Amino acid sequence: MSQRFTAELLGTFALVFFAVGSAVFGLISIGPFGVALAFGVILLALAYAIGPVSGCHVNPAVTLGVLLARGITGKAAGIYIAAQLIGAILAGGLLKIMVTYGGVLDNTGALGTNSWGATVDTLGAFIIEVALTALLVLVVLLVTRADAAPGFAGLAIGLVLTGIHLVGIPLTGTSVNPARSIGPALFYWPALPQLWLFIVAPLIGGALAFGLSKALPPTPRPVREVDPSGARP
């Protein structure tokens, strides 16, 4: 379990520091598409790097979906979420150090935190975060099943996260991950009053994804008939 804890901590740290950092350090130069691509590529790389160790959840909403699908125990889920939060907070702290003491211009003006109000209201933000998280977690649950095409899970997850960010960045900055939102918000206090939405909505989305996955049961594998004589066909 210690290896999985470390993998989730380091994976979430990398996702928050480098992907959120792409917005903080370079939003003006790379634009929303560049930020979306950074999130997708980093998660894709992490899926193949730490997936064999922990499954590469790096997101409490994903962990909740996997827990409901009975892919992880309650105790393990708690350990995963603790690791994810620690990793995100460490990343948020390092982003703050870079901006405050490292001479880095914060391109977002808000340490890459999530918010709503300029382009979407509270209800709209809640709906989009639930929907986008449900899509992410549903893809994770489906592509990691036994009947999924082997070797392509990381690619599918990375691509869907890229697409999700292209939709969500203009509205909320895209959370779909409570840890991703909590880490930077703890170091940019004006974001705290809206933080609740980016915790609650993704968790609801994760639970919704589990329900949707039950409507898409695994494809049964064909049963190979066995010759009672023991002869090969």
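The values are calculated or read from the model by the stated rules, or taken from the named source; none is laboratory data. The structure presented is a predicted model; accordingly, all values stated were derived computationally and were not measured. So basically every Cβ, Gly included, is an ideal-geometry build from the backbone, and we count neighbours across all protein chains shown.
Here are the numbers for the structure shown:
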| read-out | value |
| --- | --- |
| Flag for ALA91 being in a helix (DSSP H, G or I) and closer than 23 Å to TYR188 by Cα | yes |
| Residue in segment 167-174 that is buried (at least 18 other Cβ atoms within 10 Å of the Cβ) and at pLDDT below 95 present | no |
| Residue selected from segment 107-126 under the condition in contact (Cβ under 8 Å) with a residue 60 or more places away in the chain and over 17 Å from PRO190 (Cα atoms), by the criterion surrounded by the most Cβ atoms within 10 Å (Cβ to Cβ) | ALA125 |
| Among the candidates ILE28, ILE97, residue that is assigned to a helix (DSSP H, G or I), out of contact with any helix residue (DSSP H, G or I) (no Cβ under 8 Å at 6 or more places or on another chain), surrounded by fewer than 17 Cβ atoms within 10 Å (Cβ to Cβ) and touching a residue at least 40 places away in the same chain (Cβ under 8 Å) | ILE28 |
| All positions within segment 131-152 that are part of a helix (DSSP H, G or I), surrounded by fewer than 23 Cβ atoms within 10 Å (Cβ to Cβ) and in contact (Cβ under 8 Å) with a residue 40 or more places away in the chain | ALA131, LEU135, LEU138, LEU142 |
| Residue match in segment 112-131 (condition: closer than 22 Å to TYR48 by Cα and over 14 Å from the mean Cα position of the chain (by Cα)) | no |
| Lone unmet requirement of (1) of a type outside the set (Phe, Trp, Tyr); (2) surrounded by fewer than 19 Cβ atoms within 10 Å (Cβ to Cβ); (3) part of a helix (DSSP H, G or I) for LEU161 | (2) |
| Counted residues, segment 55-70 - those being in contact (Cβ under 8 Å) with a residue 12 or more places away in the chain and either assigned to a loop (DSSP other than H, G, I, E, B) or surrounded by fewer than 17 Cβ atoms within 10 Å (Cβ to Cβ) (or both) | 6 |
| Selection count where residues are more than 16 Å from the chain's Cα centre (by Cα) and in a helix (DSSP H, G or I), scope segment 71-84 | 5 |
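Yes/no matrix, rows are residues, columns are (1) of a type in the set (S, T, N, Q); (2) touching a Ser or Thr at 6+ places or on another chain (Cβ under 6 Å):
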position	(1), (2)
LEU9	no, no
PHE18	no, no
VAL24	no, yes
GLY51	no, no
SER54	yes, no
LEU64	no, no
